[in-house]
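Single-structure report; data block below.
The values are calculated or read from the model by the stated rules, or taken from the named source; none is laboratory data. Predicted, not measured: the structure shown is a model, and the values here were computed from it. Virtual Cβ from ideal backbone geometry, glycine too; neighbours counted across all protein chains shown.
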Amino acid sequence: MDLVTLAALVLFAGIVVSIILGFPIAVGIGLSSLAAAAVFLGPERAVFLTAQRMFTGTNSFPLLAIPLFVLAGALMNTGGIAARLIDAAKVLTGRLPSSLAATNVVANGLFGSVSGAAVAAAAAVGTVTQPRMREEGYNRAYAAAVNVASAPAGMLLPPSNTFIVYSLVSSTSIAALFMAGVGPGLVWLIACLGVVMFMHKRWGVADQGERPTLGQALLVLWRAVPSLLMIFIVVGGILAGWFTPTESAAIAVVYCLVLGFAYRQLTAAKLPGVLAESARTTAIVMLLVGVSSALSFMMAFARIPEFVSDLLLGLTTNPQAILIIMMIILLAVGTFMDPTPAILIFTPIFLPIVITMGIDPIHFGAIIVYNLSVGVITPPVGNVLFIGARVAGLRIEPVTGKLLWFLAAIIVGLFVVVFVPQLSMWLPTVLGLV
């Protein structure tokens, strides 16, 4: 057995063993990459190479947008912005069956579209909607499932930290990816609303939504305008060429800071906690980026992308069949790996194959992000599932049972996104981004 093959086996075995032993995914990836490098370089040079690749992977100006958007999301959560977005969602869904459940879905979409964070959306929106849904007679597990299922829409709607990571690996335009996520994000929300409408009578929830007068509705929407303007400032500024995505993230932080103090929900005493929470989240993401960069280098050395490409193309040359195989692999990977390392690992493997098949990298970005977003709401490591269940005060087992209905609709939406590329490509094309 040559050293390259041995390094590939050590790399694969190390990741599998670390997952089985319950290591944090970043630790497992880092140790596996180090062990594989030691096979052909020796321990000392392997340590140097791994550290160098981790530094190179994180030493990127576009990545600076991630901690800034994370901070903006934390400021929104603390500064009263989320509450105003939820009020606006109530106005939009007040006359729908199961209006509170529909409000939860729309509010997650609004919150996600200005924060790009599924976990933050599930926590912020769920904290407000779950007690009210219990009071109105909703099944508790079902109410939690509504919140969990709709929260990942924020990973697709701009601004999206996940698309920033994909852009780094694929060398594609962040602005084009942001726009490509709008169609799939709306498909995700429509899938969740469809289940809510279908389950309306099954769970015996009466149409108990508030029906505000025109004056009340306009007042609520007016109060939410400053919060909603952040979408146009951040995304519109990028599209107009006024600033880069990283600069837009800094503007979002300042904007959320000003709004939080203006709403009198954010105080100087709360700022250290907000900064500490953002720093913890950022540290986890950047560590994942660093170790995944080392892993990507090792996979390239071990010729794993070429091996997978030959294997898939040896099975079939049908583009649709290959895409379905990739979807199955990514759905399986998403159940035990966060989207960030999964994108960093699998994009270099799959992207050359899809480009060979004539699929646009922007469209593939929408596919892979939608696909991996499913993983954050599935056990065993779905962080949004755990947060949503915790907010509702439930174990994940009953929530997962109700979540299956949503997962079925979301996966149908995945097929739509995969096989109707216009959903992803129309906006970027119209705006001249591709």
Subject >> Matching residues in the range 178-217 - criterion: being part of a helix (DSSP H, G or I), modelled with pLDDT under 80 and touching a helix residue (DSSP H, G or I) at 6+ places or on another chain (Cβ under 9 Å) >> reply: Q216, A217
Original post:
From the list S173, S160, S98, which one is assigned by TED's automatic domain parsing to the domain that holds T281, crowded, with 24+ Cβ neighbours inside 10 Å, among the hydroxyl-bearing types (S, T, Y) and farther than 21 Å from P226 by Cα?
Top reply: S98
Original post:
So which pairs qualify, if the first residue must be in the range 66-79 and closer than 17 Å to S248 by Cβ and of a type in the set (D, E, K, R), the second must be modelled with pLDDT of 80 or more and part of a helix (DSSP H, G or I), the Cβ gap must be under 8 Å, and the two must be at least 6 apart or on different chains?
Top reply: none
Original post:
Just to be sure, is A149 more than 24 Å from I411 (Cα to Cα), touching a Phe, Trp or Tyr at 6+ places or on another chain (Cβ under 7 Å) and assigned by TED's automatic domain parsing to the domain that holds G393?
Top reply: no
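Residue-by-condition table, conditions (1) crowded, with 21+ Cβ neighbours inside 10 Å; (2) at pLDDT 80 or above; (3) over 30 Å from K270 (Cα atoms):
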| site | (1), (2), (3) |
| --- | --- |
| T93 | yes, no, yes |
| A102 | yes, yes, yes |
| N139 | no, yes, yes |
| A144 | yes, yes, no |
**OP:** Please work out if D310 is of a type in the set (D, E), in contact (Cβ under 8 Å) with a residue 24 or more places away in the chain and either out of contact with any Gly (no Cβ under 6 Å at 6 or more places or on another chain) or surrounded by fewer than 21 Cβ atoms within 10 Å (Cβ to Cβ) (or both).
**Re:** no
Subject >> Which listed residue is within 30 Å of A72 (Cα to Cα) and either touching a strand residue (DSSP E or B) at 6+ places or on another chain (Cβ under 6 Å) or buried (at least 18 other Cβ atoms within 10 Å of the Cβ) (or both), from V258, V291, V354 >> reply: V291
**OP:** Tell me, please, whether a residue that is surrounded by fewer than 24 Cβ atoms within 10 Å (Cβ to Cβ) and in contact (Cβ under 8 Å) with a residue 60 or more places away in the chain can be found in the range 148-155.
**Re:** no
Subject >> Breaking point among (1) touching a Ser or Thr at 6+ places or on another chain (Cβ under 9 Å); (2) polar (S, T, N, Q); (3) more than 28 Å from L403 (Cβ to Cβ), for N77 >> reply: (3)
**OP:** Look through the range 294-306, keep the residues that are over 11 Å from I349 (Cβ atoms) and touching a Leu at 6+ places or on another chain (Cβ under 7 Å), and return whichever of them is modelled with the lowest pLDDT.
**Re:** A302
**OP:** Of all residues in the range 131-175, count the ones that are at positive phi and polar (S, T, N, Q).
**Re:** 1
